[in-house]
Amino acid sequence: MSEPLQLLPWQAPMWRLAAQAIEQDRLGHALLLSGLRGTGKRVFARVLAAALWCKTPLAERLPCGRCDDCRQVLSEAHPGYTALRVEEDKRDISIEAVRILCERMGMTSHDGRSKVAIVDPADSLNRNGVNALLKTIEEPPPRSHLLLVSERPLALPATLRSRCQQMRFAIPARAEALNWLAQSGAAAPAEAALALDAAHGAPVLALQLLQDKSLELQQSWRAALLDLAAGRTDPLKAATTVGEAQAPAFLRWLYGWLLDLLRAGLVPGGAADIEALARTLPRHALDRYVSEVQENLRRLEFNAKAQMVLEAVLIRWRALVALGQRS
Ligand SMILES: [Zn+2]
């Protein structure tokens, strides 16, 4: 991870609040950074950590990105910095890792400088992990800051949420997002706009889609659903087209796409195919289908056979569209 220590342009207002809190020495011991995937929570958390140590900050307390402290944050080697993630092949953040983090946070640093821990995603803490963290939050070591990052803050226990200072990351204005994507040079404007639609307006996610080419995959899924709706293919064939290996990614995308359908009309610049379909589908049936997709995603996580799950989801999709066409 060698992203520069640079704030994203739409985060400036939120940064001013954070910078003031640092200046006035009232930055919370526990902060919850929440918001949709791809809004830049992670970037913000690292910039915030670096700002607490940077020796030569720029205007508004922004970290310089060049001093020893900044460089150590960038390489995740800063002595006061701990980053907690889900290890590969694990479902949640291990209690051992949380205990080590709490210990590190509790140790007084010889130079009296801040300590920062980033837990990302915080909703991957299990119950024991949450309990261990709560103890640290209730009796916070001086100058310690725990940054919890989450796309699903409601999945966190209320006892934990209520003890955190809240920072909510919103989807930026479309023009600002497109401008940022254009400056990244990752794609032509038309392609960038498509990626932004696919990412539900979240620019960082849109950039990832452009960079890892999953946008093409999504276009093919969208085409498969529209083909099914138009009777140009059948559910079994469509399931094979999606493929077992892509089943989890497909279902996650489908879930997001359906939420877009439910909001259709509100989606800035939403694709015409989504809007056209949305007008034909009965709202209550769409709501039910969203739950079914979520349920099938869970079945996949519990090792249900991917082909069968895909077929089930696509058969129900065709039935939903048929219902819309009859009404
Ligand atoms: Zn610096």
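The values are calculated or read from the model by the stated rules, or taken from the named source; none is laboratory data. All of these numbers come straight from a predicted model, not from anything done at the bench. No Cβ is skipped: glycine too gets one built from the backbone with ideal geometry, and neighbour counts run over all protein chains shown.
Here are the numbers:
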item	result
Breaking point among (1) more than 20 Å from Arg42 (Cβ to Cβ); (2) loosely packed, with under 14 Cβ neighbours inside 10 Å; (3) among the hydrophobic types (A, V, I, L, M, F, W, C), for Cys102	(2)
Helices (runs of 4 or more DSSP H) within region 87-189 that include 3 or more residues polar (S, T, N, Q)	127-138, 174-184
Number of the exception - Ser2 against (1) farther than 27 Å from Cys102 by Cβ; (2) modelled with pLDDT of 95 or more; (3) within 20 Å of the chain's Cα centre (by Cα)	(2)
Close pairs (6 angstrom Cβ cut-off, 6 or more residues apart or separate chains): closer than 16 Å to His145 by Cβ and in the same structural domain as Ala49 (by TED's automatic domain parsing) in region 6-20, buried (at least 18 other Cβ atoms within 10 Å of the Cβ) and of a type in the set (D, E, K, R) anywhere	Ala19/Arg61
Residue in region 64-84 that is surrounded by the fewest Cβ atoms within 10 Å (Cβ to Cβ), counting only those that are in contact with a strand residue (DSSP E or B) (Cβ under 8 Å, 6 or more places away or on another chain) and part of a helix (DSSP H, G or I)	Gln72
Matching residues in region 231-290 - criterion: being among the small types (Gly, Ala, Ser), modelled with pLDDT under 75 and in a helix (DSSP H, G or I)	Ala272, Ala278
Any hit, region 31-53, residues being among the charged types (D, E, K, R), assigned to a loop (DSSP other than H, G, I, E, B), away from the ligand (no atom under 16 Å from the Cβ) and in contact (Cβ under 8 Å) with a residue 12 or more places away in the chain	yes
Pairs, first closer than 14 Å to Leu48 by Cα and within 10 Å of the ligand (Cβ to nearest atom) in region 64-85, second part of a helix (DSSP H, G or I) and basic (Lys, Arg), C-beta under 7 Å, six or more apart	Val73/Arg46
Whichever residue in region 54-63 is assigned to a helix (DSSP H, G or I) and in contact (Cβ under 8 Å) with a residue 24 or more places away in the chain and, among such residues, is nearest to the ligand (Cβ to nearest atom)	Arg61
Unique match (being in contact with a Cys (Cβ under 7 Å, 6 or more places away or on another chain) and in the same structural domain as Ala18 (by TED's automatic domain parsing)) among Lys55, Lys115, Lys90	Lys55
Restricting region 291-304 to residues that are part of a helix (DSSP H, G or I) and among the polar types (S, T, N, Q), the residue that is nearest to Gln325 (Cα to Cα)	Ser291
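A quick yes/no check of all residues on (1) of a type in the set (A, V, I, L, M); (2) buried (at least 21 other Cβ atoms within 10 Å of the Cβ); (3) not assigned by TED's automatic domain parsing to the domain that holds Val119:
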site: Ser150; (1), (2), (3): no, yes, no
site: Asn179; (1), (2), (3): no, no, yes
site: Gln183; (1), (2), (3): no, no, yes
site: Leu217; (1), (2), (3): yes, no, yes
